[in-house]
């Protein structure tokens, strides 16, 4: 089954404790992206990657890091989480072989930073 | 830059009522337009899309027409069901080869609740 998976689905942590949210897709997509969803703000892009070893900042990259060492994986790293990073996070992927961009989303990771 | 504005919610309807969720956008060039739906506890799913002016996207009884002259992409359904209760997001994306290709710009989302 074609899908985007994220782990963990739920995470409660404390300020300053480094964490990683994993994202993996099995569709051989070139493009991967991370979004955060906050009430009244919709989804905002954090980072994206056009292909292996190619990453770039989205609209809200502060406090986050990413890496793309393999095509299927795109982990999101919070080196020193803060309470304002409490949010619902979505990973997405898509193929760049087309005239428009249909993105496939993972199920989401709900993060709480105390 | 690109932006998407959706009508404020939440929207509460009775089953079989008519639904309209307004969406307008600001973008350079000719973006592709999307409606995504998020059911409770799940990720986003593509509901429908339109990639050029006057295109009509449709799926599951929902429709939206890409109106370049009014920069709008309003979502409509003639008769909603309880199972349509979800959050609906309007979004746009740049075209292949453009600088904003790949990035989805979302509206703030509209919560729809349908009562029996």
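Every number here is computed from the coordinates shown, using simple stated rules; none is lab data. Worth saying up front: this structure is predicted, and the values here are computed from it rather than measured. Virtual Cβ from ideal backbone geometry, glycine too; neighbours counted across all protein chains shown.
Entry note, chain A: relative contact order of 35 percent, from Cα contacts under 8 Å with a spacing of 6+ residues.
Averaged over the residues of peptide B:37-43, the number of Cβ atoms from other protein chains lying within 10 Å of each residue's Cβ is 4.
The alpha carbons of the range A:60-111 stretch over 39, 22, 18 Å along the principal axes, in descending order. Taking only the C-alpha atoms of the range A:32-83, the Rg (one decimal) and the largest Cα-Cα distance, Dmax (whole number), read 11.3, 34 Å. For the protein assembly as shown, the direction-averaged projected area of the alpha-carbon convex hull comes to 12.4 nm².
Take the Cα of residue A:12, step 7 Å toward its Cβ, do the same at residue B:5, and the gap between the two points is 4.0 nm. Need one word for chain A: rounded, prolate or oblate. Basis is the Cα gyration tensor (sqrt eigenvalues a ≥ b ≥ c); a/c below 1.5 gives rounded, then a/b vs b/c decides. Here chain A falls in the prolate category.
Result for chain B in a Gaussian network model with C-alpha springs under 10 Å: among B:12, B:28, B:65, the largest mean-square fluctuation is at B:28. To the nearest Å, what is the center-to-center distance of the range A:1-68 and the range B:7-31, using C-alpha atoms only? Using only Cα atoms to place each centre, the spacing works out to 27 Å. Over chain B, the fraction of Cα-Cα pairs per 5 Å bin, rounded to whole percents and listed from the shortest bin up, is 2, 13, 24, 25, 19, 10, 5, 2, 0, 0. Calculate the FRET efficiency for residue B:56 and residue B:12 from the Cβ-Cβ distance with a Förster distance of 25 Å, rounded to the nearest 0.05. The computed FRET efficiency comes out at 0.40. Listed peptides A:38-44, B:50-56 appear in the order A:38-44, B:50-56 once ranked by packing, highest mean of other Cβ atoms within 10 Å at the front.
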